[in-house]
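Asker: Let me give you the structure first, and then I'll get to my questions.
The values are calculated or read from the model by the stated rules, or taken from the named source; none is laboratory data. Predicted model only: the values in this text are computed from it and were never measured. FYI the Cβ positions are ideal-geometry reconstructions off the backbone, even for glycines, and counts take in every protein chain you see. Ligands, DNA and RNA are stripped out before the accessible areas are found, and what is left, the full protein with its side chains, is counted by its heavy atoms. Shrake-Rupley method; radii C 1.70, N 1.55, O 1.52, S 1.80 Å.
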Amino acid sequence: MDAARPDDSRGQQENLTGAKGLPERPALDREALSDANFLAATGIAQLTVVETTGSTNADLLRAVNEDPKAWPDLAVLTAEHQTAARGRLDRAWEAPARSSVLVSLVLRPVNADGRPLPTQTYSWLSLLAAIALRDALDETAGIPAELKWPNDVLVRGGKIAGILAQLGPLGGGSVPPVILGTGLNVTLTEDELPVPTATSVQLQGAGTVDRTALLKSYLSRFCTLYRSFCNADGDATAGLAGGPSLHKRVETAMVTLGQQVRAQLPGDHEIIGHASRLDDSGSLLVVDASAHEHVVTAGDVIHLRPWSPQDSDQHGSAKRGAGWHRSEKHGSEAHSSDKQGSGESGYA
């Protein structure tokens, strides 16, 4: 399969109707997604829909390496089904065909003058996507959503979506692109959920489970926020799209803040303490029992979970340390979450 052009089979466009009690799962409306007015209003450079592929993120990572000019800023790839999707820390997952919104974007962030954004601002892009998806779920499906750091999207405590941002290749002295993938559980039934703590749009009694409407709503909101963020030179404290700053929006929507948490880090290290706030790069600041403030980055953390004193009996004495490292090798995580729908942390 051509890395830049995943399987674009268009032969099976029929609805997947409720066999064995499953919900109807119609195909995405490709005509609506390719509508010139929609693309012009969002600034989307191109939008490709494929029936099945291994991973939309992996496809775009290969594509921007092989033919960068063919995949400009805000080029979009969405799939009806993924067979080899990877989440944070290479965790694998798969959902039934046409049960989810699975979409990846190429981002080449520049400001209004065409000047590339500093790469240290890239860590906010997945959080920006999480806010856009939260707003889309609220305004289009009528369900309330919250954020779990670093960028899982929850509804009533259940994980409904995950996001993965990966750095593309650095070529010709230019700044690397970001490949931003999002996976949203739409019509998964309880029996299809990977774990009981996951959920789906349908299970939340949403006003719609139309994947085309949800995808368009998400992309519209993301593009508006993204352009405003770029025009502010990636300043997360600047007003965004005529409203509060990205930093303020994220902190307001994030259930992690104010909790006692346990952050598991590489090398059998962990930090236990109060999740107090986000710093200027979107990293989580955790204050431990000795009042020391640790910086926890999305690229380092393996798991982040609520913690209570009773948990200490289960975990025993643990090594504790702070991680402060961000890898920028090809394909590394710019800011990410885990296994889509797992309730642990993933993408699409």
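Asker: Order 194-204, 47-57, 232-242 from most to least packed using the mean count of other Cβ atoms within 10 Å. Mind dumping the intermediate values first?
Answerer: Values: 194-204: 19.5, 47-57: 21.5, 232-242: 16.6.
Descending mean neighbour count gives 47-57, 194-204, 232-242.
Asker: Another one. Within 10 Å, count the other beta carbons around each residue, average over each peptide in 126-132, 186-192, 104-110, 289-295, and list them highest first.
Answerer: Top to bottom by mean Cβ count within 10 Å: 126-132, 104-110, 186-192, 289-295.
Asker: Further question: Stick to Cα atoms and the Kirkwood definition of Rh, then tell me Rg/Rh for segment 137-272.
Answerer: Here the Rg-to-Rh quotient is 1.00.
Asker: May I pose another question? Provide the gained length on full extension for the span Arg305 to Ala40, in nm with one decimal, where the gain is 0.36 nm per separating residue minus the Cα-Cα distance.
Answerer: Numbers: separation 265, 0.36 × 265 = 95.40 nm, distance 4.12 nm.
The Arg305-Ala40 span can extend by a further 91.3 nm.
Asker: Suppose each label sits 7 Å from its Cα in the direction of the beta carbon; what would the Glu139-Glu293 distance come out to in nanometres?
Answerer: My value for the distance between the label points is 3.4 nm.
Asker: Order these peptides, 252-259, 177-184, by their mean beta-carbon neighbour count within 10 angstrom, highest first.
Answerer: Peptide ranking by packing, descending: 177-184, 252-259.
Asker: Dipole of segment 169-230, Cα-centred, from +1 at each Lys and Arg C-beta and -1 at each Asp and Glu C-beta, to the nearest 20 debye?
Answerer: Taking the Cα centre of segment 169-230 as origin, the dipole is about 440 debye.
Asker: Let me ask another. Over segment 113-260, give the accessible area per residue in Å² for a 1.4 Å probe, as an integer.
Answerer: Using a 1.4 Å probe on heavy atoms only, each residue of segment 113-260 averages 34 Å².
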